[in-house]
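Each remark here refers to the structure printed beneath this line.
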Amino acid sequence: MATSDELAQIDISKEEKDKLVAEVMRYVLFKTHQNSDCPIKREELTGIVTKNYRQRALPTLVINEAKDRLAATFGYEMRELQRTRAPATRSGRPSQSQLNVEAKSYVLVSNLDPEVYSKYVEDKGAAHLSGFAFAVISTIHLAGGKMPEEDLWHQLKRVGLNENDETHPVLGNNKQKLEHLVQQRFLLKEKVAGPEGHFMMYELAERALDESISAKIKDHISQGPDHNVAKRVALSTRAFTSGFSDEL
């Protein structure tokens, strides 16, 4: 919470500041719902502030206070995502602009008790999406954290998920659902040069590597002696969707 001295230095009233904080909170909540939990770029939030104000320190102050209020009011952590590396450009190197933009984005993560979240917040109708995310992430995890696209679909096919299925009875278009995991920053996708030409490689991205998710994946796929990829994923998906969709 900004002090009166800080507000005086920035030359803004408490009422104006509170209004901006509320606008940022509202934007984050609605954008998260509208874009199915895809990250929100910091520059979008900064734009809310700089639309009518030019004080350089104001965006950081407003965003930080919005974080605090989202946690106190709704039990959400507004977590900043940090890429370990940016996707490569056609030259094979990440551009500096990609690094800057990608490093400054946010997602909402629930800090509520799992039982409270399940009872009052969780969208039961989206459990199948959490199950799909778990199947994909755990498959890539078992492959060492990265996997060629062809190999990924080969494993997913063994649990009933076909690459070219655009009318899956639950997921709809399977390829689109996989691409959505890239947009949500659970996966990183890039073109890689191989001895037989270029191919697409999927790698776990920062949200899948977050301890809150990776620990649960490791726990479920380590239960039992069977390390067959398809069988471990199939056995674990139901358990995951029943209790961990707040994280995915």
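Structural remarks
- Of residues in segment 134-159 being surrounded by 13 or more Cβ atoms within 10 Å (Cβ to Cβ) and either outside the structural domain of Lys218 (by the TED database) or more than 22 Å from the chain's Cα centre (by Cα) (or both), the one farthest from Gly194 (Cα to Cα): Val159
- Test: Gln176 is modelled with pLDDT of 90 or more, outside any strand (DSSP E or B) and open to solvent by 60 Å² or more (accessible area, probe 1.4 Å): yes
- Candidate set: segment 179-197, residues that are in contact with a strand residue (DSSP E or B) (Cβ under 7 Å, 6 or more places away or on another chain) and not in a helix (DSSP H, G or I); chosen: the one most open to solvent (accessible area, probe 1.4 Å): Lys191
- Unmet criterion (only one of (1) open to solvent by 60 Å² or more (accessible area, probe 1.4 Å); (2) part of a strand (DSSP E or B); (3) β-branched (Val, Ile, Thr)) for Val109: (1)
- Residue tally, condition free of Cβ contacts under 8 Å to residues at least 60 places away in the same chain and either in the same structural domain as His220 (by the TED database) or of a type in the set (A, V, I, L, M, F, W, C) (or both), over segment 113-122: 1
- Take the conditions (1) loosely packed, with under 15 Cβ neighbours inside 10 Å; (2) at pLDDT 95 or above; Val24 misses just one of them, which is (1).
The values are calculated or read from the model by the stated rules, or taken from the named source; none is laboratory data. Please read these numbers as outputs of a predicted model, since none were measured by experiment. In this analysis, Cβ positions are derived from the backbone assuming ideal geometry, glycine residues included, and neighbour counts consider all displayed protein chains. Heavy atoms of the whole protein, side chains included, go into the accessibility calculation; ligands, DNA and RNA do not. Shrake-Rupley method; radii C 1.70, N 1.55, O 1.52, S 1.80 Å.
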